[in-house]
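Taking it in order: structure first as structure tokens, then the write-up.
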Amino acid sequence: MSAAPDMLRIEALDAWYARAQVLFGVDLALKRGEVLAMIGRNGAGKSTLMKAVMGLATAKARAITFDGVGIAGLPAHRIARAGLGYVPEERRIFTNLTVAENLETGRRPARPGVDAWTPARIFELFPNLAGMQHRSAREMSGGEQQMLAVARTLMGNPKALLLDEPSEGLAPVIVDAMADAVMALKREGLSIVLSEQNLRFAGLVCDAAVVLSSGSLTYAGPLRPLLDDHDLLEDKLGL
Ligand SMILES: Nc1ncnc2c1ncn2[C@@H]1O[C@H](COP(=O)(O)OP(=O)(O)O)[C@@H](O)[C@H]1O
Ligand SMILES: [Mg+2]
């Protein structure tokens with residue numbers, strides 16, 4: 001057995017806000033080059049899980065390994081520098097800067113032997129950003145801002161991405177453009193965890209799924225059975 005380790009492995013993750021526990025012993029594995037969809041109702045703990053992995057929430061885990069290296073307890077900037085890109089729900093872009101300037105703020109060196117992301121490559125991935133390089137981010141639609149948030153994270157040349165509800169609040173045509181971009185990133189070899197309430201979007205892009213319900217994992221496996229069986233889905237999602 002010489003299989004490469006999973007890109008991201010979480011074992012027995014607990015998380016809290018003050019004294020309220022919101023994640024309970026969550027296990028999760030993201031295989032190399034795969035897209036894993038994390039499904040769950042509002043308040044299930046999806047965003048908290050991503051924050052916990054990034055070192056941005058009060059959390060405790062038996063282990064969190066990224067590309068074979070333990071990252072539990074590391075400060076957030078070290079986790080990001082290890083190559084884990086994170087696009088939070090609240091799109092972290094600079095509205096006073098242009099598209100091109102926003103991309104520059106995300107630029108970090110690529111690992112040796114890997115093609116660095118450049119604005120030109122970014123604009124191939126998100127063609128509709130190409131025509132607005134000098135536009136202030138403030139004047140962009142929600143969907144365009146979401147693409148810019150992903151683009152800015154890519155400029156850091158991550159090995160893997162955590163995308164928190166990338167399709168949230170987007171018009172259907174923009175959701176499809178975002179799905180195309182996620183598929184293209186997967187073809188580039190990136191491993192991706194995305195949290196989603198939009199099962200159509202998840203169905204377009206994911207290789208595997210997990211369901212969180214009230215802070216606990218209730219399902220891990222292919223998404224298809226959940227799409228085909230509404231009662232099963234409702235059962236896993238919980239109240
Ligand atoms: N900053 C916070 N302070 C206190 N409780 C929070 C905070 N953020 C989230 N929560 C609570 O933690 C639980 C999980 O929230 P969250 O991870 O945001 O869920 P999801 O992303 O799945 O909607 C919810 O009960 C939510 O109310
Ligand atoms: Mg959330």
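Laboratory data are not the source of any read-out in this text; all were calculated from the coordinates shown. Since this is a predicted model, take the numbers as computed values, not measurements. FYI the Cβ positions are ideal-geometry reconstructions off the backbone, even for glycines, and counts take in every protein chain you see.
Some observations on this one:
- Prolate/oblate/rounded label for the stretch 86-212 (Cα gyration tensor, a/c 1.5): oblate
- For the stretch 1-144, the fraction of alpha-carbon pairs lying more than 28 Å apart is 32 percent, rounded to a whole number.
- Rounded FRET efficiency, nearest 0.05, which uses the C-beta distance separating residue 92 from residue 138 and R0 of 22 Å: 0.95
- Stretch gain in nm, segment residue 4-residue 111, where the contour uses 0.36 nm per residue and the Cα spacing is subtracted: 36.7 nm
- DSSP bridge pairs, the chain: antiparallel proportion in percent, nearest 5: 55 percent
- Per-residue Cβ neighbour counts within 10 Å put 219, 86, 17 in the sequence 17, 219, 86, beginning with the fewest.
- The chain - mean residue ellipticity at 222 nm from DSSP helices (-39,500 (n - 2.57) per run, n ≥ 4, rounded to 500): -9500 deg cm²/dmol
- Each of residue 130 and residue 27 was given a label point 7 Å from its Cα along the Cα-to-Cβ line. The distance between the two points is 4.6 nm.
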